[in-house]
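Rule-based calculations on the coordinates, nothing more; no lab input. Remember, it's a predicted structure, so these values are computed and weren't measured experimentally. Here the Cβ positions follow ideal geometry from the backbone for every residue, glycine too, while neighbour counts run over all protein chains shown.
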Amino acid sequence: MKDITEREFTELVGFVKQTYGINLLHKKTLVCGRLNNYIVQSGFQSFSEYFSHVKSDHTGKSGVILVNKLTTNHTYFLREPQHFEFLERVILPYYAANEARKKDLRVWSAGCSTGEEPYTLAILINSYFGVKKYGWDTKILATDISTVVLEQAQKAVYASTQLEKLPERWREQYFTKIDAESSIVKDSIRQEVIFRRFNLMNEMFPFKKKFHLIFCRNVMIYFDAETKVKLINRFYDHMEPGGYLFIGHSESINRHESNYQFVAPAIYRKV
Ligand SMILES: C[S@@+](CC[C@H](N)C(=O)[O-])C[C@H]1O[C@@H](n2cnc3c(N)ncnc32)[C@H](O)[C@@H]1O
């Protein structure tokens, strides 16, 4: 098969940006590396032929395969631990006191990948509340565009090496060993997380209630500035007053881009 032409690359970049918000403009090597074999094995003669197939597949299945191949899903338990420390020290005590009547804490892990982030949150929240958790609804909505990562997340099986950084009491209390190499998250935690496929580029957020906490960490790095600002403002509209937005430590929100107020590195608040 011939290398991707400039025209084909430009067309692909435009499509992926418009549909998924992901900016591949400077990622030609990544695109070719991840798609070449798949295109040849699937029997397409050129990028154009493959690409026409993706665009004309109204079931959306080919688009899902394309995005599964192009997204980077790297994640791990307790990633960016300062966030969890702040959550435990400042935010959970605040809500435990202020939402005590409604006992409702709505958390969204947007771009949850293989589940380590929402499971870390569920474990932390459960271990914070302990026996006082009774009566509280602290379910976590965990969404991603990639069906591959969501399937893995729902299985909730992780290699023992992936759990090494977790506190020992968490490993003992919230995981069951399957064998020497792997463990599964316990049902009590799994039932706290609801996984759904959702494209953050959707203009409409189909959520009935607003969120208290939104984690969208290491997702917007793939988006261009305009897409990122629009998404941040949509998060703002779907957040309860006083709610917190967490982004990745390598990301930032400028003051003029939204009404969010900076509270700590990579943590913003709707005041
Ligand atoms: C690097 S992972 C971040 C995982 C986790 N939040 C963390 O910080 O470790 C980025 C995730 O964003 C997802 N993603 C990228 N574009 C998306 C979009 N338009 N809508 C929803 N999820 C998207 C990818 O599929 C990937 O799983």
| task | Describe numerically, in nm with one decimal, the distance between label points set 7 Å from Cα along Cα→Cβ at Arg89 and at Thr72. | result | 3.0
| query | Kirkwood hydrodynamic radius of the range 138-271 from all distinct Cα pairs, in Å? | reply | 16.8
| Expressed as a whole number of Å, what is the distance separating the alpha-carbon centroids of the range 21-54 and the range 185-204? | 29
| Hey, quick one: spin label on Ala225, modelled 7 Å out along Cα-Cβ, who in the range 236-271 has an amide N within reach, i.e. under 16 Å? | 251-258
| request: Using the structure shown, select from Lys133/Lys270; Lys208/Lys270; Lys69/Lys133; Lys132/Lys209; Lys69/Lys228; Lys139/Lys165 the pairs with a Cα to Cα distance greater than 29 angstrom. | output: Lys69/Lys133
| query | With Cβ to Cβ distances under 13 Å as the rule, what net charge do the other residues near Leu105 carry (K, R +1; D, E -1)? | reply | +4
| query | Based on the Kirkwood radius over alpha-carbon pairs, what is the Stokes-Einstein translational diffusion coefficient of the chain at 10 °C with 1.306 mPa s viscosity, in µm²/s? | reply | 79
| Residue with peak Gaussian network fluctuation, the chain [Cα springs, cutoff 10 Å], from Lys103, Lys17, Lys55 | Lys55
| field | Amide H contacts under 5 Å for Phe198, placed H, 5+ residues apart | value | Asp144, Ile145
| Beta bridges per DSSP with both ends in the range 150-248, % antiparallel, nearest 5 | 55
| query | In debye to the nearest 20, how big a dipole does the chain give about its Cα centre with +1 on each Lys and Arg Cβ and -1 on each Asp and Glu Cβ? | reply | 680
| query | If we count other beta carbons within 10 Å of each Cβ, what is the order of Cys112, Cys32, fewest first? | reply | Cys32, Cys112
| Once label points are set 7 Å from the Cα along Cα→Cβ at both Asn199 and Glu99, what is their separation, rounded to one decimal in nm? | 3.0
| note | Dividing the mean separation of Cα pairs under 8 Å (6+ apart) by the residue count of the chain yields a relative contact order in percent of 17
| remark: Between the modelled labels at Ser42 and Leu30 (7 Å from Cα along Cα→Cβ) the distance in nm is 1.9
| message | Under 10 Å, Cα contacts only: if you run a Gaussian network model on the chain, which one of Leu166, Leu70, Leu121 comes out with the highest mean-square fluctuation? | response | Leu166
| field | Residue order, fewest to most beta carbons within 10 Å, for Arg234, Arg101, Arg217 | value | Arg101, Arg234, Arg217
| message | Please compute, for the alpha-carbon atoms of the range 1-109, the extent along each of the three principal axes and give them in descending order in Å. | response | 62, 29, 23
| task | Out of all DSSP beta bridges with both ends in the chain, state the antiparallel percent to the nearest 5. | result | 40
| Cut-off 15 Å between beta-carbons: net charge of the residues surrounding Val67, Lys and Arg +1, Asp and Glu -1 | +4
| message | Projecting each Cα onto the charge dipole of the range 185-227 (Lys/Arg +1, Asp/Glu -1 at the beta carbon, about the Cα centre), which of Pro206, Ile189, Ile221 comes out farthest on the positive side? | response | Ile189
